[in-house]
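The values are calculated or read from the model by the stated rules, or taken from the named source; none is laboratory data. Computed from a predicted structure; not experimentally measured. Neighbour counts run over all protein chains shown; Cβ positions are idealised from the backbone, glycine included.
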Amino acid sequence: MKWRNISASDFGKVIKKLSLQSSQSKRRAPHPVYWYCLDGKKVLRLTLPNLHGGSKSVSTGFIKQIQNSLRLDTHQFEDLTECPLTAEEYEAIIRDKLVI
Amino acid sequence: MTSSFQQSKTEIPRIEELFYQGSTTATTESNILERLETLTNQTGQLRMDVQERPVKYNTQIRDLGDESFSLVEPIIVSVEEYTSEDTVIASFPEIEVFGEGVTESEALTNLKLAILDLYEELIDTSPDELGDLPKAWLSVLQKIIKQTV
């Protein structure tokens with residue numbers, strides 16, 4: 001499956017592209033959490049793999065959870081991680097799917 | 001015989017049909033080998049798909065692994081075992097949190113930590129900063145979690 005090719009470092013690019021905000025609260029769980037914000041509000045919460053995982057593949061189950069959190073179908077998710085999907089296009093998708 | 005073939009004809013000819021199409025023996029053998037190769041590839045792909053498909057079931061959690069917090073009642077969570085990758089995902093879809101582990105126990109422990117993290121983060125955030133979805137998660141969490149200390 002294509003999922004096997006997505007590594008932790010790929011999510012570093014997603015964080016930058018979508019300007020995700022790191023959660024500032026104290027954490028017990030092992031994985032970092034980021035928020036996707038629109039109009040000054042936190043609208044989506046993403047649990048991502050530890051970025052120091054580098055080029056190590058992220059598990060299929062973990063990636064499915066991230067895809068669901070992002071509200072993207074498989075094709076859109078691949079576009080996001082492989083770059084064609086821009087931040088503006090992603091914002092349009094989310095505005096269409098969520099009542100902000 | 002011919003009419004039954006016509007009725008069952010699909011895009012890929014049945015192997016028996018190859019013998020009735022006036023083909024030479026060599027052509028027929030070549031066609032059959034091609035079919036066998038296609039079927040072998042498809043079977044291999046199917047095997048991979050089945051191996052990668054997670055085993056899914058539900059289970060209950062009765063506490064959050066922290067004495068300062070308790071659950072008002074046990075909650076049902078979803079577990080997905082990806083045996084080909086030695087990974088288990090435990091999730092509480094209603095509030096979009098999950099925990100990952102090598103075993104079910106580890107995944108459930110991480111899920112409990114993730115639930116507490118989400119709860120504490122949401123109650124520490126001004127409602128004005130939360131979208132509708134996080135507000136709904138907080139509403140669910142406030143119904144199921146009781147702070148004991």
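Observations on the model:
- Looking at A:Lys17, A:Lys26, A:Lys42, just one residue is under 18 Å from B:Asn110 (Cβ atoms) and either crowded, with 21+ Cβ neighbours inside 10 Å or not acidic (Asp, Glu) (or both), and that residue is A:Lys26.
- Residues of segment B:110-124 classified as more than 7 Å from chain A (Cβ to nearest Cβ) and surrounded by fewer than 20 Cβ atoms within 10 Å (Cβ to Cβ), total: 1
- Annotation note: Cβ proximity below 8 Å between a residue of segment B:69-88 that is outside the structural domain of B:Leu111 (by TED's automatic domain parsing) and under 11 Å from B:Ala107 (Cβ atoms) and a residue that is among the polar types (S, T, N, Q) and assigned to a strand (DSSP E or B) (sequence gap 6+ or interchain) occurs for no pair.
- Criterion: more than 11 Å from chain A (Cβ to nearest Cβ), crowded, with 21+ Cβ neighbours inside 10 Å and either in a helix (DSSP H, G or I) or out of contact with any Pro (no Cβ under 7 Å at 6 or more places or on another chain) (or both) - qualifying residue of B:Val88, B:Val149, B:Val77, B:Val140: B:Val77
- Among the criteria (1) closer than 17 Å to A:Leu44 by Cβ; (2) of a type outside the set (Lys, Arg); (3) more than 25 Å from the chain's Cα centre (by Cα), the one B:Glu120 does not fulfil is (1).
- Restricting attention to segment A:67-82, the residues being within 15 Å of A:Ser7 (Cα to Cα) and among the aliphatic types (A, V, I, L, M) number 1.
- Segment A:82-100 residues that are within 11 Å of another protein chain (Cβ to nearest Cβ), paired with ones that are assigned to a helix (DSSP H, G or I) and at pLDDT 85 or above (beta carbon under 7 Å, 6 or more apart): A:Leu98/B:Leu133; A:Val99/B:Asp132
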